[in-house]
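Right, one structure below, let's go through it.
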Amino acid sequence: MKRETSRRLLSMEFNSSSIYIKGEGERVPSYLLTPLGSLVNRVYVCGVLTEVEELENGYRARVSDPTGIFSIYSGQFQPEVSQSLSSAPTPSYVALVGKGRVYEPEEGVVYASIRPERITFTQKRERDLWIVKCCELMIERIDAIKSCLGMEKDENEVRSKLLAMRYPKHIAEGAAMAYCRYDEIDLDRFTGGIKDALEYLFEEEEVTMESISKEGVLDEEVLKIVGALEGRGEMEGGALWEDILEKALKGGMGEDMVEKAIDQLMESGRVYEPALGVFKRS
Amino acid sequence: MKEADDSSDSNELEKYLSMGIPLEEAKRAISSKSEEMTRLSNIGPERAGEVVNLECKILTINEREVNLGDEPKKAYYGFLVDDTGSLPYTSWRDIPYEKGNSVVIKKGLVREWKGKAEIVINRQSVLLKSDREFGSLQKKKERKKIADVRDIGWVTVTGKILSAERREKNDKKFIRGVIGDETGRMPFTSWVDFGFKEGDTVEMSGMVRSWLGLLSLSIGEESEVKESQEGVEAKRLKLSIGELEDRGGGFEVEVNGELLEIQKGSGLIVRCPICRRAVKGNNCTIHGEVDGVWDLRIKGVLDDGTGNLSMIIGRGLCEELLGKTLEEFKDDAKNAMDPAIVSREMEEKLLLRRYEVIGDTRSDEFGLRMMVKIIKPAEDKDPKKIAGGLLEGIR
């Protein structure tokens, strides 16, 4: 039997799926059919592990991307994954491969989750590249669905037309199924999600773990934060301690690191405190 | 020779059908009566079961013994060409002619073999000598870029000779090598010494055939090889794994993806010193009790979201990837008293990471299999750069 390829898709597409194609008989794979025509049996995700919860016989975890979260369930048959999750710090960047699962409380209502086979820690850069790859493939799928518009909803015919238009096999197959089986596909919503995810990568440079580890860089980063926040509100043209802290924490610094950096900046005279809890560059 | 006449054909067909003969059988029966000559390029796998008449040149004659039932039977096989194309053939009877002779084949049977058409010459067939020349074939040979060579048949490519090794087997001398252009590479075997050497840029024509599941160019007496003035930069075919699946594999192709699984049979293994198979407890299934040889390998799954392949990474590449030698791994296993410690280290260091991989890829019922020649961590890309391009596209 051929191994199932792990699909790349943002949580938004994964969680919007309401069609589950159950494999009949032994060793016939089941698929979650997404509205964009990804046939998900296996999936690969890079994201931020935000929460881990111990269950009776395993772990539940949340992995987030810019469009939402993936629900992760790891049971007794994945002891290595469960072990990794039990000691994983949050938030942290993780990469995982797993099988798509569904819970169907009633007809047409599908809750999709992932049962991980393998999980490891990774870096921000890899997560960013994963987002980009997902967007690339989602754009390709949206394009294929657009090409279907107006065609009669006959799966075989739509598929062969797409193949004739030179879409790769895996794209043509999924797009034909999604187009024929979903009543309506809100392409604009997905395009919007892709845009958000890509623009997210351009948001103001956050302070990364890597840059902090470099000696002396920390002070500079905090100084940048002060500069960016200066002049918001009345605060003597300075930046509020709480705002500085919040921003720095988001960037992955610890509270004590920020405090130390501010101390050093004050000592060297590059920053002063015009009012209690307000900091300004000299 | 009578030309095809549609109206009389359809009348004939109606006659058969009105007599209650099934359509397929009626077509076969009519085609076997026909005197019409069929051109090779008009014969595809969809015509399997039809009987055809051909006028063509026997390009090659090879012999092989087939065991059907009790006694071995001789079969001949090779290629037929006419002005329009070429097809492989199998003959179950002696061919009283030599390669290069032109013949008329009456009542040859078309059959499908692995999705392609083939001509079968059997007892019903008639072989006659023909005087017709098929000399113009050389000019008709299709020029192709190497990446576009997807099927067996005659082809002309222009590329750089990347390797050319002289060998000898059963007193037969030949040259085995690799030719490459800017779209990809392919192996070739030359049975004639045209005098080219590594580094030369040549235009060569030959027969594409399947060699160990990969396409290879066979250069023989019918071939033409000449120096080319084209500036060719030889590159590897780089593609997504999904595209590679659609192609069914390829020689020295480059793909990019995540290592998503390290399978059983990876890590420290013991091989039979005779057959190189992995053995358990120094017991080879073929050679019995043996003095096993330690080795290192990874059987992994590479996946890029469009497709996946299973790949075998040998000892040298494993040592390079992990920065440790076989001897060091053996010590680790000895100290831990557990050989599985090696595959666990592989998992920890390599799993769920991106790699660039180059290798020979074949496909079977389990999908693509690659013998890895080069593997390295994937080149770092700038996500913002790609994201910027994508945003441009959807704005």
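The values are calculated or read from the model by the stated rules, or taken from the named source; none is laboratory data. This one's a predicted model, so the numbers in the text were calculated from it and none came from an experiment. Positions of Cβ are generated from backbone atoms using ideal geometry, with glycine treated the same way; all protein chains shown enter the neighbour counts. Heads up: the accessible areas ignore ligands, DNA and RNA and are worked out on the full protein's heavy atoms, side chains in. Shrake-Rupley method; radii C 1.70, N 1.55, O 1.52, S 1.80 Å.
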Would you mind computing, in nm to one decimal, how far apart the modelled labels at residue A:101 and residue B:25 are, each placed 7 Å from Cα along Cα→Cβ? 5.8 nm
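With a 1.4 Å probe and every protein chain left in place, work out the accessible area per residue of region A:29-98 in Å², rounded to a whole number. Walk me through the numbers on the way to the answer.
Working: 2770 Å² over 70 residues.
Heavy-atom SASA per residue in region A:29-98 reads 40 Å².
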I want the antiparallel fraction of DSSP beta bridges within chain A, as a percent rounded to 5. 95 percent
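Just checking the output field for A:127-137: average partner chain Cβ neighbours within 10 Å of each residue's Cβ? The partial results should precede the final answer.
On the way: counts 1, 6, 8, 4, 3, 10, 7, 1, 5, 6, 3.
Across A:127-137, the average partner-chain Cβ count within 10 Å equals 5.
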Kirkwood Rh, Cα atoms: Rg over Rh of the protein assembly as shown: 1.07
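Could you work out what % of the accessible surface of region A:6-199 is carbon and sulfur, using a 1.4 angstrom probe and leaving DNA, RNA and ligands out of the count? Please list the in-between numbers first.
Numbers: 4030 of 9170 Å².
Answer for region A:6-199 is 44 percent, counting heavy atoms of protein chains only.
For chain A, the longest stretch holding no chymotrypsin sites (Phe, Trp or Tyr not before Pro) located in a DSSP loop with at most 14 other Cβ atoms within 10 Å is which? Could you put the intermediate results ahead of the total?
Details: sites that count: A:77, A:202.
Counting at most 14 other Cβ atoms within 10 Å as exposed, the longest clean stretch of chain A is A:78-201.
Sort region A:81-151 into rounded, prolate or oblate with this rule: let a ≥ b ≥ c be the square roots of the eigenvalues of the Cα gyration tensor; rounded if a/c is under 1.5, and if a/c is not under 1.5, prolate when a/b is larger than b/c, oblate otherwise.
Judged from the Cα gyration tensor, region A:81-151 comes out oblate (a/c at least 1.5, b/c at or above a/b).
Any idea what the dipole of region B:252-311 comes to, in debye rounded to 20, about its Cα centre with Lys/Arg Cβ at +1 and Asp/Glu Cβ at -1? The partial results should precede the final answer.
Values: 7 positive and 9 negative charges, 89 e Å.
Its charge dipole is roughly 420 debye.
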Expressed as a whole percentage, what fraction of the accessible surface of chain B belongs to carbon and sulfur atoms when a 1.4 Å probe is rolled over the protein heavy atoms? 46 percent
Alpha carbon centroid spacing (whole Å) that separates region B:13-70 from region A:1-44: 45 Å
How tilted is helix A:155-164 with respect to the longest principal axis of chain A? Cα atoms for both, answer in degrees (0 to 90, nearest 10). 70 degrees
Using each residue's phi in region B:117-125, evaluate 6.51 cos²θ - 1.76 cosθ + 1.60 at θ = phi - 60° and report the 3J(HN,Hα) Karplus result to the nearest Hz, with x for Gly and Pro. 7, 9, 9, 10, 9, 10, 4, 6, 6
Members of region B:226-270 that become less accessible by 50 Å² or more once partner protein chains are added (1.4 angstrom probe, chain alone as reference): B:246, B:260, B:261
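Per residue, how much accessible area does region B:241-377 have with a 1.4 Å probe, in Å²? Each step should come with its number before you reach the end.
On the way: 6400 Å² over 137 residues.
Per-residue value: 47 Å².
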Between A:130, B:229, B:134, whose Cα lies farthest towards the positive end of the dipole of the protein assembly as shown when Lys and Arg beta carbons carry +1 and Asp and Glu beta carbons carry -1, centred on the Cα centre? B:134
Förster-model FRET efficiency, 22 Å R0, residue B:282 and residue B:365, C-beta, rounded to 0.05: 0.10
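On a 26 Å Cα-Cα criterion, which of the cross-link pairs B:114/B:145; A:224/B:385; B:238/B:330; A:250/B:376; A:260/A:280; A:99/B:349 come out too long?
Pairs exceeding 26 Å: B:238/B:330; A:250/B:376.
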Computed FRET value (nearest 0.05) for residue A:263 with residue A:51, which takes r as the C-beta separation and R₀ as 41 Å: 0.80
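If the viscosity is 1.002 mPa s and the temperature 20 °C, what translational diffusion coefficient in µm²/s does Stokes-Einstein give for chain B when Rh comes from Kirkwood over Cα pairs?
Details: Rh = 25.2 Å.
Rounded, D is 85 µm²/s.
Given only helices, namely DSSP H runs of n ≥ 4 each adding -39500 (n - 2.57), what is the per-residue ellipticity at 222 nm of chain B, to the nearest 500 deg cm²/dmol? Don't skip to the end; give the middle numbers.
On the way: 8 runs with 77 residues, N = 395.
Rounded to the nearest 500, it is -5500 deg cm²/dmol.
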With every protein chain in place, the residues of region A:149-181 shedding 20 Å² or more of accessible area versus the chain by itself (probe 1.4 Å) are A:169, A:170
Can you run phi through the Karplus equation (6.51, -1.76, 1.60; θ = phi - 60°) for region B:64-78 and list ³J(HN,Hα) in whole Hz, with x for Gly and Pro? 8, 9, 10, 9, 10, x, 7, 9, x, 10, 8, 10, 10, 8, x
What angle, in degrees between 0 and 90 and rounded to the nearest 10, separates the Cα long axis of helix A:241-250 from the longest principal axis of the Cα atoms of chain A? 40 degrees
In deg cm²/dmol, rounded to 500, what helix-only [θ] at 222 nm does chain A give when every DSSP H run of at least 4 residues adds -39500 (n - 2.57) and the total is split over its residues? -12500 deg cm²/dmol
Run the quick spin-label model on residue A:83 and residue B:226: label points 7 Å from Cα toward the beta carbon, then report their separation in nm to one decimal. 6.8 nm
Skipping prolines and chain starts, which residues have an amide H placed within reach, meaning under 5 Å, of the one on residue B:153, given they are 5 or more residues away or on another chain? B:208
Taking a 26 Å limit on the Cα-Cα distance, which of the listed pairs B:74/B:99; A:169/B:384; A:153/A:195 fall beyond it? A:169/B:384; A:153/A:195
At what distance in angstrom do the alpha carbon centres of region A:73-133 and region B:93-138 lie from each other? 60 Å
Cα-only Debye scattering, region B:141-227: base-10 log of I(q)/I(0) at q = 0.12, 0.18 Å⁻¹: -0.29, -0.69
What residues in region B:368-384 lose 10 Å² or more of accessible surface when the other protein chains are added to their chain alone (1.4 Å probe)? B:380, B:381, B:382, B:383, B:384
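Please work out the FRET efficiency for the pair residue B:144 and residue B:101, using the Cβ-Cβ distance as r and a Förster radius of 25 Å; give the result to the nearest 0.05.
Working: r = 28 Å, r/R0 = 1.12.
The computed FRET efficiency comes out at 0.35.
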Mean shadow area (nm²) of the C-alpha convex hull around region B:241-377 is 8.5 nm²
How much accessible area per residue does region B:141-227 have, counting only protein heavy atoms and a probe of 1.4 Å, in square angstrom? 51 Å²
Can you grab the distance from the C-alpha centre of region B:290-350 to the C-alpha centre of region B:185-219, Å, no decimals? 35 Å
Estimated inter-spin distance, residue B:379 and residue A:160, nm [label 7 Å along Cα→Cβ]: 4.1 nm
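Given a 1.4 Å probe and no ligands, DNA or RNA in the count, how much accessible surface is buried by A and B, both sides, to the nearest 100 Å²? Before the final figure, lay out each step's value.
Working: alone 16170 and 22920 Å², together 36020 Å².
For chain A against chain B, roughly 3100 Å² becomes buried.
Please give the contour-minus-distance gain from residue A:92 to residue A:220: 0.36 nm per residue of separation, less the Cα-Cα distance, rounded to one decimal in nm. Walk me through the numbers on the way to the answer.
Values: separation 128, 0.36 × 128 = 46.08 nm, distance 2.39 nm.
This chain segment gains 43.7 nm when fully extended.
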Can you give the Rg and Dmax of region A:6-199 based on its C-alpha atoms, in angstrom? 17.1, 52
